[in-house]
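Each value in this text was obtained by applying a stated rule to the coordinates, not by laboratory testing. Predicted model, so just to flag it, every value in this text is computed and none were measured. Positions of Cβ are backbone-derived with ideal geometry, glycine not excepted, and every protein chain shown enters the neighbour counts.
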Amino acid sequence: MFIYRAAFQRQELGYAAAAGVVMFIIIFVLGRLSSSAFGVGRNR
């Protein structure tokens, strides 16, 4: 919702794009950590 408001309601497209990149990085790191913690994709 924050990205939508920044981009379309306040017309700050660069700020919204940067927030999207930060959100992608956070989700990517959390996904990598959770997959390594639960052993997803590892052979036995």
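Scan segment 1-21 residue by residue and report those that are surrounded by 10 or more Cβ atoms within 10 Å (Cβ to Cβ) and not in a helix (DSSP H, G or I). Scanning segment 1-21 gives R10, E12. Filtered by the rule that a residue be loosely packed, with under 10 Cβ neighbours inside 10 Å and either assigned to a helix (DSSP H, G or I) or in contact with a His (Cβ under 9 Å, 6 or more places away or on another chain) (or both), segment 22-44 gives A37, F38.
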